[in-house]
Amino acid sequence: MTIKKLQDTAFANALKHGFHHKNQNIGEMLMLIVSELSEALEADRKNKHADLKKYNAGIATYNGESESQDKSTFEFFVKDTFEDELADAVIRIADLCGYLNIDLESHIKAKMRYNESRPHKHGKEY
């Protein structure tokens, strides 16, 4: 999936579920991203990590049987884990960029190109 496709999909899903309205509060959207990162920190502190092998095996076992089984498998092996919360943060960033019509992929490429030219630890202690 391209970053553009991620943005389009995240934004469309947020619209579908009623998360956007006219004159969306950008500060609120940014703080929701921060809250996902806080949740990732707490999941890591509790050593809650996803098990994608078991999740994927569960999906393969129940493939096509029921949506509720897929949801249960996700909730058991992935939901509220460190990786899940990081995914939430990325999805919220993609949604924000979709809402604001920002070409995030181009900005990431430009920033990474710039970072290549920076000194060790960007000249800082840490």
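Here residue 44 clears all of (1) of a type in the set (Asp, Glu); (2) modelled with pLDDT of 95 or more; (3) outside any helix (DSSP H, G or I) except the condition numbered (3). If you take the residues in region 81-126 that are buried (at least 16 other Cβ atoms within 10 Å of the Cβ) and of a type in the set (Asp, Glu), which one is farthest from residue 40 (Cα to Cα)? Only one residue tops the list, namely 95. Does region 91-99 include one or more residues that are part of a loop (DSSP other than H, G, I, E, B) and not basic (Lys, Arg)? No: region 91-99 contains no residue that is part of a loop (DSSP other than H, G, I, E, B) and not basic (Lys, Arg).
Of all residues in region 66-124, those being in contact (Cβ under 8 Å) with a residue 24 or more places away in the chain, under 30 Å from residue 53 (Cβ atoms) and among the charged types (D, E, K, R) number 8. Among the residues of region 74-117, those identified as touching a helix residue (DSSP H, G or I) at 6+ places or on another chain (Cβ under 9 Å) and aromatic (Phe, Trp, Tyr) are 74, 76, 77, 82, 99.
The values are calculated or read from the model by the stated rules, or taken from the named source; none is laboratory data. Since the model is a prediction, treat every value here as computed from it, not as a measurement. Cβ sites come from the backbone with ideal geometry, for glycine too, and all protein chains shown count toward neighbours.
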